[in-house]
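*Asks:* Quick one: this structure, given as structure tokens, is what I'll be asking you about.
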Amino acid sequence: MKKKSGLFIVLSLVAVLMLSACGNSGNGGTTGGNAGNASGNTGGKSLGDQVKHEIIGIDPGAGIMKATSAAIEEYGLSDWTLIEGSGAAMTATLAKAVKSEQPIIITGWTPHWMFAKYDLKYLEDPKNVYGEAEEIHTVVRQGLKEDHLVAYEFLDRFEWTSDEMGEIMTAIQDGQDPAEAAKAWAESHSDRIDAWTADLAPVSGDKIKLSYVAWDSEIASTNLLQYVLENHLGYKVEALQVEAGPMWTGVASGDVDATAAAWLPLTHADYWDKYKDQLEDLGANMTGVRTGLVVPAYVEANSIEDLK
Ligand code: PBE
């Protein structure tokens, strides 16, 4: 008995020394035992083990968090954990992983600048948990048309493409202040602004409140709406950055005039079902958007089913 545990300790020591030697020669200061990377030596570990069975999520109110909990259930991934955080924390964790070519699984969506910056792919979703043909809608409070016809008309007309949104998102990601990035985009796309605002007579300082969540896509759209409402239509805008729940309840209760961040029909289905009687849906401001589980292209998995 004694002899056996002595041998075990020696072998363990050898293993520890070998591991730390690997770490030192490899990434220059890798601390944990998780020194393998996705494209190279993974030490035979499964993808799940490599990422500690964690999916890097965002803020808990986001629809993509609910969809991911459903995916965990439907694909039988009971040993996986969805980590709560924020959009910013998620992209910071992604940046770190990509830099050292470590595997990572995130909750992702398009449009998002991360697809331009990194080589990423969606994991296939054969069970369609994340839906299809998702759109971003502009939703306003009841009575907005009667109270602020010009703003209502503009919000009703507002629609653009993911490429257009991408230009603002990328400028912000490159370090530009969001309001400045929206202004620069508006100035260089005056044909678009003209189409949205044609024949609308500016008001003089009426107040409009918008709500949005600090998702990169919504930071871009809301800053653009604020710019156009203020600089082309004469409004004074307050853009409230809140959690997803208050974003919806604000408009439903009438405290907030509008949000351009309603992802439908699936991502925000819960919120929509709860508040639809108190809201007016002005339709899609963008079509062809998408949510799902996203990994760097160097990760071997191709489908959510591969996580099992
Ligand atoms: N998103 C971006 C949001 C909607 C916009 C996909 C992170 C969500 O999941 O609720």
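*Asks:* Failed condition for Ser253, given (1) within 16 Å of the ligand (Cβ to nearest atom); (2) more than 19 Å from Asp156 (Cα to Cα), with all others met?
*Replies:* That leaves (1) as the condition not met.
*Asks:* Scan segment 88-110 and give yes if some residue there is surrounded by 14 or more Cβ atoms within 10 Å (Cβ to Cβ), assigned to a strand (DSSP E or B), more than 15 Å from the ligand (Cβ to nearest atom) and not aromatic (Phe, Trp, Tyr), otherwise no.
*Replies:* no
*Asks:* Would you confirm, using the coordinates I've provided, whether Ser162 is within 16 Å of the ligand (Cβ to nearest atom) and farther than 22 Å from Asp257 by Cα?
*Replies:* Criteria met by Ser162.
*Asks:* Only one of (1) more than 11 Å from the ligand (Cβ to nearest atom); (2) modelled with pLDDT of 95 or more is not met by Ile64, so which one is it?
*Replies:* That leaves (1) as the condition not met.
*Asks:* If only one of Thr267, Thr291, Thr259 is closer than 21 Å to Ile58 by Cα, assigned to a loop (DSSP other than H, G, I, E, B), open to solvent by less than 60 Å² (accessible area, probe 1.4 Å) and of a type in the set (Ser, Thr, Tyr), which one is it? Even if it seems obvious, please write down each step before you answer.
*Replies:* On the way: Thr291 fails: assigned to a loop (DSSP other than H, G, I, E, B); Thr259 fails: assigned to a loop (DSSP other than H, G, I, E, B).
Just one listed residue meets the conditions, Thr267.
*Asks:* Select from segment 67-87 the residues that are more than 16 Å from the ligand (Cβ to nearest atom) and either at pLDDT below 95 or not hydroxyl-bearing (Ser, Thr, Tyr) (or both) and list them in ascending order. It would help to see each step written out before you state the result.
*Replies:* Restricting attention to segment 67-87, the residues satisfying the condition of being more than 16 Å from the ligand (Cβ to nearest atom) are 73-81.
Listed by number, the residues that qualify are Glu73, Glu74, Gly76, Leu77, Asp79, Trp80.
*Asks:* Oh, and also: Where residues in segment 171-228 are surrounded by 15 or more Cβ atoms within 10 Å (Cβ to Cβ) and part of a strand (DSSP E or B), which of them is farthest from the ligand (Cβ to nearest atom)?
*Replies:* Of everything passing the filter in segment 171-228, Ile208 is farthest from the ligand (Cβ to nearest atom).
*Asks:* For segment 257-284, which positions are within 12 Å of the ligand (Cβ to nearest atom) and not acidic (Asp, Glu)?
*Replies:* Listed by number, the residues that qualify are Thr259, Ala260, Ala261, Ala262, Trp263, Leu264, Leu266, Thr267, His268, Ala269, Tyr271, Trp272.
*Asks:* List every residue pair whose Cβ atoms lie under 8 Å apart, where the two residues are 6 or more positions apart in sequence or sit on different chains, the first residue falls within segment 104-117 and is modelled with pLDDT of 95 or more and of a type in the set (Phe, Trp, Tyr), and the second residue, located anywhere, is part of a helix (DSSP H, G or I) and within 9 Å of the ligand (Cβ to nearest atom).
*Replies:* Trp109/Ile64; Trp109/Ser217; Trp113/Asp216
*Asks:* How many residues are part of a loop (DSSP other than H, G, I, E, B) and either surrounded by 21 or more Cβ atoms within 10 Å (Cβ to Cβ) or not small (Gly, Ala, Ser) (or both) when one looks only at segment 48-65?
*Replies:* Total meeting the criteria: 8.
The values are calculated or read from the model by the stated rules, or taken from the named source; none is laboratory data. Remember, it's a predicted structure, so these values are computed and weren't measured experimentally. We place every Cβ from the backbone using ideal geometry, glycine too, and count neighbours over all the protein chains shown. For accessibility, only protein heavy atoms count, side chains too; no ligands or nucleic acids. Shrake-Rupley method; radii C 1.70, N 1.55, O 1.52, S 1.80 Å.
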